[in-house]
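*Asks:* Sharing a structure with you now.
The values are calculated or read from the model by the stated rules, or taken from the named source; none is laboratory data. Everything numeric here is computed off the predicted structure, so don't read it as measured data. Positions of Cβ are backbone-derived with ideal geometry, glycine not excepted, and every protein chain shown enters the neighbour counts.
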Amino acid sequence: MDLEYGAEYDAFREEVRAFLEAHKPGNLAEASAEDRSAWLTKQIEHGYWARTIPTEYGGYGAEPNLLHTIIMDEEFNRAGTLRGTPSQGPSMLVPTLLEHGTEEQKRRWIGPTMRGEVIWCQGYSEPGAGSDLASLQTRAVADGDDFLISGQKIWTSTADKSQMMFALVRTEADAPKHAGISYLLVPVDSPGLEVRPLRTMAGDLGPSSFNQVFFDEVRVPRSNVVGRRGEGWKIANTTLKHERNSLSSNAEGTWMRLAKLMRDETMNGVPAIASPVYRDRLMQLQARMLSMKYHALRMLTCALKEEPPGVAGLVAKLENCQLSFDMAALALDVMGELGALYDHAKYERARGHWQAHSMFALGLIIGGGTAQIQKNIIAERGLGMPREPKPAKA
Amino acid sequence: MDFGLSEDQRLLDETLRAFLADRVPIDVVRAERDRLLEAPETGIDRALWARLAELGMTGVLVPEEQDGSGLSLLDAALVAQALGHAVAPTPFLASGVMAPVALRTLATPEAEGELRALATGERIVGVAATELFAVREDAGLRLEGDRVHGKAMMALGGVGADALLLPIGRDRLALVAAEAPGLTQTRLATVDATRCTSELLCEGVPVLWLAREAGSSIERMLLAGRIALAADTFGACEAMIARSVAYAADRTQFGRPIGSFQAVKHMCAEMIADLEPVRSLVWYAAHCFDALPDEAPLMAHHALAHGAEVAREIASTATQVHGGVGWTDEQNLHFWFKRVATNRHLLGSPTSLREGAAALQDFGA
Ligand SMILES: Cc1cc2nc3c(=O)[nH]c(=O)nc-3n(C[C@H](O)[C@H](O)[C@H](O)COP(=O)(O)OP(=O)(O)OC[C@H]3O[C@@H](n4cnc5c(N)ncnc54)[C@H](O)[C@@H]3O)c2cc1C
């Protein structure tokens, strides 16, 4: 075991730090779309975002190096600012295009997506197709050089703020369930496409955006199919893989904020941290947080050595999302009756931050493959347990 | 950057696991349990210890200058992991980890002599450490002149050992012969029949030697013991999950293997999802012991406490996966159940370890 990064990496870390000191913007949440794009563009110019994407597609063109990625993430985290943008375009669509897209698709979409000029949403789930995604029914019928899409998507995050959607639609009506699906790029302002926002449980506690999307003969050119027609399921699985990788959380930062809260918050004149009961829970969470931190380093090592991590590689989403929820639960307990305050009520703590954290953590337990689906995957793919028998045909 | 095992460590792990699978299958563990039920005062199985000595396991933490292999605590943790996996009845925790770490930190000529003897496996040393973190039953050792008086509870690996290492307070360390006059050792049987704990009553026991200002030696000994114990628990959990998955593939109900029922799958998935991150924490704690000593105490507290919590869940869940047969003596799963149930309270119970972890960070009281 050797946890040193080595001199050349220490130098790289220094560079990233110096960059952040010189260029880190103020509050991004309040920045204009132009300012945000400018900040992303600056990151790309220095190679701290879109680092390994070829220059002809708008990236920086460096060789892939996991340690550089880790160091950049660590330093941006430490500086309290986001590296790039966590939206679904860069994290899910771009890796998919790089793997399966045509030359033209890559040139057209990757650069603007990485610079935040084009925002994407993910049109997978439907009212009748969630965990059983392959049962999706939204149809795309060939019509000359186009497809005509009809149907409905739901739970589509950020659809109301997006210009584009990457969607799964059924193009081959007669093919078996998994073989009839294509991966299609759809402009959100297309005629016949309607986005209806849904109010989430988090209300206005956070920047949530959840939508239904209706398609009524929405016309999209055939050239917008990514990969081959009918191979959308296979391609989507690469996307889902990227989603799970990008769902890693900053559990350590959350834990530190929780510990600070427990030092600051007093009840009956005593800080919460002085209560042995609360303190015990904080310690239990610290142990889980640390085990996930070192688990990530172990998984990183497997990736560096190109060794398959086995079942250990499948557990992070399940564990991290639950840990995040449990940390918020302790914070709320510590604040007691004040923790329930909301909507600028007098004495409200941090604008209801921990209530929001709790609800968003719950959303992540469900979204991107529910906890139960993760357990199916761990048991079947990780432990090799027998699959559920198919129900007998009536 | 390499958070993983070296080639040598993998080889060590594989060699030992193959050896244990061959030489200490579960019916050997069962026979050992039965032997101890018949003759409780005989203690340690010296024949097995001698065979482990041939593989070099008794000298893992003994420096090369004293004919050991001078390896790291991560190597020792791998040994503990494999022994826990096999529920092997050995005095490794006391004689293979705690005593060597205490002795090599002392670095006196007497300690070096002792280390040489430990490495061969011919000499076995038990350790009385309980009063360092939990005093019950008015236990505690003191010196009067150069003789030891008082009582120590739950000494590790002492029944059948040649000598006992006794911390006296927090900064003196004495070695006494197991057969010394004035020393009465009584085996305290635990639910786990694979290792021996005992009570030591001392009425003017002469010391073989006494080290003063041994505070850091005692601390390092306890720290190493905790990390190795966490690794032992981890190994036992790995085995319980593997047995559950295998049983679920084999056992049929309602015309299909029970492993195809989702409730059973999810039990297994939860066990492994909770356990895999523990491996990383235990390895990191072991790495810290040698490479980042300032971080090691916190990591050891958490690894042992958190590992114990996860282990309790796994021991219960694994038994449930087996149904009624899991509750029998015959099925053998209970050997692991009892191993982790006992480990949970050796060298500090989870709640007190977490209090310790909080104190290390100046939290609270
Ligand atoms: C915050 C958030 C953001 C999201 N963003 C998007 C997005 O941007 N784009 C998009 O397309 N979708 C999005 N989703 C949808 C998400 O992917 C689905 O909600 C999820 O896959 C579950 O599908 P479902 O809602 O239909 O629930 P269902 O599949 O109906 O599940 C209901 C319950 O049944 C259980 N269940 C279902 N099948 C099984 C099974 N085989 N075994 C065991 N249990 C089972 C589930 O675990 C769950 O507990 C988002 C969801 C959330 C919460």
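*Asks:* Yes or no: the range A:97-106 includes at least one residue that is away from the ligand (no atom under 13 Å from the Cβ), out of contact with any His (no Cβ under 9 Å at 6 or more places or on another chain) and basic (Lys, Arg).
*Replies:* yes
*Asks:* If you don't mind, there's one more thing I want to ask. Starting from residues that are away from the ligand (no atom under 16 Å from the Cβ) and hydrophobic (A, V, I, L, M, F, W, C), keep the ones in the range A:75-93 and report whichever is farthest from the other protein chains (Cβ to nearest Cβ).
*Replies:* A:Leu82
*Asks:* Scan A:Phe210, A:Phe214 and give me the residue that is under 21 Å from A:Pro127 (Cα atoms), of a type in the set (Phe, Trp, Tyr) and within 14 Å of the ligand (Cβ to nearest atom).
*Replies:* A:Phe210
*Asks:* Going by what's in this entry, would A:Glu8 be described as in a loop (DSSP other than H, G, I, E, B), surrounded by fewer than 14 Cβ atoms within 10 Å (Cβ to Cβ) and within 14 Å of another protein chain (Cβ to nearest Cβ)?
*Replies:* no
*Asks:* A follow-up question, please. Taking the range B:246-265 only, how many residues are facing chain A (nearest Cβ under 7 Å) and either crowded, with 19+ Cβ neighbours inside 10 Å or at positive phi (or both)?
*Replies:* 4
*Asks:* List the strands (runs of 3 or more DSSP E) that sit entirely inside the range B:179-248 and contain at least 1 residues that are in the same structural domain as B:Ala139 (by TED's automatic domain parsing) and among the hydroxyl-bearing types (Ser, Thr, Tyr).
*Replies:* B:183-188, B:197-206
*Asks:* Does the range B:127-136 include one or more residues that are surrounded by fewer than 19 Cβ atoms within 10 Å (Cβ to Cβ) and out of contact with any Ser or Thr (no Cβ under 9 Å at 6 or more places or on another chain)? Walk me through it before giving the result.
*Replies:* If we filter the range B:127-136 for residues that are surrounded by fewer than 19 Cβ atoms within 10 Å (Cβ to Cβ), which is where we start, we get B:132-136.
Filter once more, keeping what is out of contact with any Ser or Thr (no Cβ under 9 Å at 6 or more places or on another chain): B:132, B:135.
For the range B:127-136, residues surrounded by fewer than 19 Cβ atoms within 10 Å (Cβ to Cβ) and out of contact with any Ser or Thr (no Cβ under 9 Å at 6 or more places or on another chain): present.
*Asks:* Can you tell me how many residues in the range B:51-68 are under 17 Å from B:Thr90 (Cβ atoms) and over 18 Å from the mean Cα position of the chain (by Cα)?
*Replies:* Of the residues in that region, 4 qualify.
*Asks:* When only residues in the range A:141-156 that are under 30 Å from A:Glu56 (Cβ atoms) and buried (at least 16 other Cβ atoms within 10 Å of the Cβ) count, which is farthest from the ligand (Cβ to nearest atom)?
*Replies:* A:Asp146
*Asks:* Which of the following residues is more than 14 Å from chain B (Cβ to nearest Cβ) and in a helix (DSSP H, G or I): A:Ala18, A:Ala62?
*Replies:* Matching residue, one of A:Ala18, A:Ala62: A:Ala18.
*Asks:* Filter the range A:363-394 down to the residues that are among the aliphatic types (A, V, I, L, M) and either assigned to a loop (DSSP other than H, G, I, E, B) or more than 13 Å from the ligand (Cβ to nearest atom) (or both) and list them by number.
*Replies:* Across the range A:363-394, the qualifying residues are A:Leu383, A:Met385, A:Ala392, A:Ala394.
*Asks:* Can you tell me which of (1) closer than 26 Å to A:Tyr5 by Cβ; (2) within 22 Å of the chain's Cα centre (by Cα) is the one A:Phe19 doesn't meet?
*Replies:* (2)
*Asks:* Hey, can you tell me all the residues within the range B:322-352 that are within 14 Å of chain A (Cβ to nearest Cβ), buried (at least 19 other Cβ atoms within 10 Å of the Cβ) and in contact (Cβ under 8 Å) with a residue 60 or more places away in the chain?
*Replies:* Residue satisfying the conditions is B:Gly348 alone.
*Asks:* Now for a different question. Is it the case that the range A:352-373 has a residue that's within 14 Å of chain B (Cβ to nearest Cβ) and buried (at least 22 other Cβ atoms within 10 Å of the Cβ)? Walk me through it before giving the result.
*Replies:* Keep residues of the range A:352-373 that are within 14 Å of chain B (Cβ to nearest Cβ), which gives A:365, A:369-373.
In the following step, the residues that additionally are buried (at least 22 other Cβ atoms within 10 Å of the Cβ) were identified as none.
There is no residue in the range A:352-373 that is within 14 Å of chain B (Cβ to nearest Cβ) and buried (at least 22 other Cβ atoms within 10 Å of the Cβ).
*Asks:* Go through the residues of the range A:110-124 one by one and say whether even a single one is within 16 Å of the ligand (Cβ to nearest atom) and over 19 Å from A:Gly84 (Cα atoms).
*Replies:* Yes, because at least one residue in the range A:110-124 is within 16 Å of the ligand (Cβ to nearest atom) and over 19 Å from A:Gly84 (Cα atoms).
*Asks:* In the range A:159-218, how many residues are under 21 Å from A:Gly363 (Cα atoms), part of a loop (DSSP other than H, G, I, E, B) and out of contact with any Ser or Thr (no Cβ under 7 Å at 6 or more places or on another chain)?
*Replies:* 8
*Asks:* Would you pick out the residues in the range A:258-279 that are in a helix (DSSP H, G or I), more than 11 Å from every other protein chain (Cβ to nearest Cβ) and without any contact (Cβ under 8 Å) to a residue 24 or more places away in the chain?
*Replies:* Residues satisfying the conditions are A:Lys260, A:Asp264.
*Asks:* Right, something else. Residues to consider are B:Arg170, B:Arg187; find the one that is surrounded by fewer than 21 Cβ atoms within 10 Å (Cβ to Cβ), within 30 Å of B:Ala39 (Cβ to Cβ) and away from chain A (no Cβ under 13 Å).
*Replies:* The unique qualifying residue is B:Arg187.
*Asks:* Follow-up. Of the conditions (1) within 12 Å of the ligand (Cβ to nearest atom); (2) surrounded by 19 or more Cβ atoms within 10 Å (Cβ to Cβ); (3) within 13 Å of chain B (Cβ to nearest Cβ); (4) not hydroxyl-bearing (Ser, Thr, Tyr), A:Ala312 satisfies every one except a single condition; which number is it?
*Replies:* Going through (1) within 12 Å of the ligand (Cβ to nearest atom); (2) surrounded by 19 or more Cβ atoms within 10 Å (Cβ to Cβ); (3) within 13 Å of chain B (Cβ to nearest Cβ); (4) not hydroxyl-bearing (Ser, Thr, Tyr) one by one, A:Ala312 breaks only (1).
*Asks:* Right, another one. Which of the numbered conditions does A:Ala296 fail, given that it passes all the others? Conditions: (1) within 22 Å of the chain's Cα centre (by Cα); (2) more than 25 Å from B:Leu304 (Cα to Cα).
*Replies:* Going through (1) within 22 Å of the chain's Cα centre (by Cα); (2) more than 25 Å from B:Leu304 (Cα to Cα) one by one, A:Ala296 breaks only (2).
*Asks:* May I pose another question? What single numbered condition from (1) hydroxyl-bearing (Ser, Thr, Tyr); (2) in a helix (DSSP H, G or I); (3) within 16 Å of the ligand (Cβ to nearest atom) fails to hold for A:Thr69?
*Replies:* (3)
*Asks:* Determine, yes or no, whether B:Ala318 is at the interface with chain A (Cβ under 9 Å from one of its Cβ atoms) and buried (at least 24 other Cβ atoms within 10 Å of the Cβ).
*Replies:* No.
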